[in-house]
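Data block below; observations after.
Readers should treat all values here as calculations from the given coordinates under stated rules, not as data from a laboratory. Remember, it's a predicted structure, so these values are computed and weren't measured experimentally. In this analysis, Cβ positions are derived from the backbone assuming ideal geometry, glycine residues included, and neighbour counts consider all displayed protein chains.
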Amino acid sequence: MKVNVILRGDCLEILGTLPPDSVDMTFADPPFNLNKKYNSYKDRKSLDAYLEWCKRWLTEMVRVTKPTGSIFVHNIPKWLTYYAAFLNEIADFKHWISWDAMSIPLGKTLMPTHYGILFYAKDKKLNKFYEIRHPHKRCRKCNVLLKDYGGKKAGLHPFGPLVSDVWTDLHRIKHAKNRDEHPCQLPETVLERLILMTTDEGDIVLDPFNGTGTTVVAAKRLGRKYIGIEIDKNYVTIAEEKLRSISADSHIGGVWVSKYLNGIATIRDKDWEYLKEHFYIPHPIPLLEYDSIIYKNGKIVKHRHVPIEVDEIPVLPFNDVTHSK
Ligand SMILES: C[S@@+](CC[C@H](N)C(=O)[O-])C[C@H]1O[C@@H](n2cnc3c(N)ncnc32)[C@H](O)[C@@H]1O
């Protein structure tokens, strides 16, 4: 099976050619059937046609995922209720992650302010999973911890708490200058968190709705292999250019981390043992209430764009790809 490729074409057709049990993590951010203005895809199907179509690629995602692997699907809650009912039959439910991010009103409703990310294991008993941490939330002006830990401050983790199933710390891309020509590009930090949580270096990450490549970029930055599938030629080109401009540099001292602006968004719990040498840590620990840990090496730089050899990322027409396990 070819890896580190973006395959242009219909995901159902392409997924059907991949061997079973062959990738470590699948992530799908499909069209939401909300009549979004994509470059070529028409985002408007009847309810039955949309759900029938979703069922087909969800089945394929589960089929190609390894027994140790994880399946993630991002969508609005309305569609996830159908997906969950279906996925419960063919995979093992782990979490409904609620990602706090402004969505669009759908008529007379409460204001939708979260997306869901369904997290399924192909096999719960075999599933590869790492606990992850995010930095303590602090007052932007005074730097004091926002949460009141009362008498438990001595037990604070220097980096920050374990990540829960409600994500309020990862933000949508706000500035137009940071966006691609795509109506619903996800932030890399979301994908990096999922990848750190369920894969190891060298594992294969697959996204059947690759868009402008958030998943494959996150995978490459974290030293994982990737397969992206996308029907639109322009989006493939944008993703390909982004892949060319980055390298596997999202680490500190060789330990993979997810970086965000000038800080870190996510680490693995088990990696703190190695990472802590790279930080000044307030002492005694209760002082963490007022002072952050500080990176010893100056600034943590988010994603340097270093041009690399052009032929490293082949974008192959689907038919040219040979699949061998
Ligand atoms: C919600 S967007 C994904 C955005 C992506 N997560 C990102 O951050 O760039 C869905 C994508 O699926 C693509 N698409 C629609 N139908 C497809 C199909 N049958 N096979 C492959 N890609 C398809 C659309 O062109 C669109 O780019």
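For the stretch 1-59, state which chymotrypsin sites (Phe, Trp or Tyr not before Pro) are in a DSSP loop and have at most 10 other beta carbons lying within 10 Å of their beta carbon. All intermediate terms of the calculation are to be shown ahead of the outcome.
Values: sites: F27, F32, Y38, Y41, Y50, W53, W57; in loops: F32, Y38, Y41.
Listed in order of number, the matching sites amount to none.
Rounded, prolate or oblate, given the Cα gyration tensor of the stretch 4-123, with a/c below 1.5 counting as rounded? Verdict is oblate for the stretch 4-123. Assuming R0 = 30 Å, can you tell me the calculated FRET efficiency for the pair S103 and H283, based on Cβ-Cβ distance, to the nearest 0.05? So, using R0 = 30 Å, E works out to roughly 0.10.
Ordering T198, T81, T59 by the number of other Cβ atoms within 10 Å of each residue's own Cβ, fewest first, gives T81, T59, T198.
Using the scaling law 2.2 N^0.38 Å as the reference, what is the normalised Cα Rg of the stretch 250-290? It would help to have the intermediate numbers written out before the result.
Details: Rg = 11.3 Å, N = 41, 2.2 N^0.38 = 9.0 Å.
Expressed relative to 2.2 N^0.38 Å, the Cα Rg reads 1.25.
Could you size up the charge dipole of the chain around its Cα centre, putting +1 on the beta carbon of Lys and Arg and -1 on that of Asp and Glu, and report it in debye to the nearest 20?
Details: 47 positive and 40 negative charges, 202 e Å.
In total the dipole reaches around 980 debye.
Any of K42/K233; K42/K108; K66/K125; K2/K270; K141/K302 with alpha carbons more than 20 Å apart? Name them for me. Pairs exceeding the cut-off: K42/K108; K2/K270; K141/K302.
Modelled spin labels at W53 and H157, positioned 7 Å past Cα toward Cβ, are 4.0 nm from each other.
Considering only the chain, what is the antiparallel percent among its DSSP beta bridges, to the nearest 5?
Details: 26 of 46 bridges.
Given both bridge residues lie in the chain, the antiparallel proportion sits at roughly 55 percent.
The HN-Hα couplings worked out from phi for the stretch 218-230 by the Karplus form 6.51 cos²θ - 1.76 cosθ + 1.60 (θ = phi - 60°) are 4, 4, 5, 4, 9, x, 9, 8, 8, 9, x, 10, 8 Hz, whole numbers, x standing for Gly and Pro.
The string of couplings for the stretch 277-288 from the Karplus curve (6.51, -1.76, 1.60, θ = phi - 60°) is 4, 8, 10, 7, 10, x, 9, x, 3, x, 5, 4 Hz, one whole number per residue in order, with x for Gly and Pro. Of the trypsin sites (Lys or Arg not before Pro) found in the stretch 132-179, those in coil by DSSP whose Cβ has at most 10 other Cβ atoms within 10 Å are R140, K141, K174.
Magnitude of the charge dipole for the stretch 157-284, about its Cα centre and with charges confined to Cβ atoms of Lys, Arg (+1) and Asp, Glu (-1), is about 300 debye.
Across the stretch 53-81, the residues whose backbone nitrogen lies under 16 Å from the label position 7 Å along the beta-carbon direction of Y41 are 53-61, 72-76, 79-80.
For the stretch 94-164, the gyration tensor built on C-alpha atoms gives an oblate shape. Its axis ratio a/c (a ≥ b ≥ c) is at least 1.5, and a/b is not larger than b/c.
Give the shape of the chain as rounded, prolate or oblate, defined through the alpha-carbon gyration tensor: a ≥ b ≥ c are the square roots of its eigenvalues, a/c under 1.5 means rounded, and otherwise the shape is prolate if a/b is larger than b/c and oblate if not. Don't skip to the end; give the middle numbers.
Working: a/c = 1.69, a/b = 1.44, b/c = 1.17.
Verdict is prolate for the chain.
Once the Cα-Cα distance is subtracted from the 0.36 nm per residue extended length, the E131 to L34 segment shows a gain of 31.5 nm. Here is the list for the stretch 142-242: chymotrypsin sites (Phe, Trp or Tyr not before Pro) lying in DSSP coil, each with at most 15 other C-beta atoms within 10 angstrom of its C-beta, are Y149. The ranking of H134, H283, H175, H157 from fewest to most other beta carbons within 10 Å of each one's beta carbon is H175, H283, H157, H134.
FRET efficiency for the pair D249 and D21, taken as 1/(1 + (r/R0)^6) with r the Cβ-Cβ distance and R0 = 41 Å, rounds to 0.85.
Would you mind working out the magnitude of the charge dipole of the stretch 180-245 relative to its Cα centre, with +1 at each Lys and Arg C-beta and -1 at each Asp and Glu C-beta, to the nearest 20 Debye?
Values: 8 positive and 12 negative charges, 28 e Å.
The calculation lands at about 140 debye.
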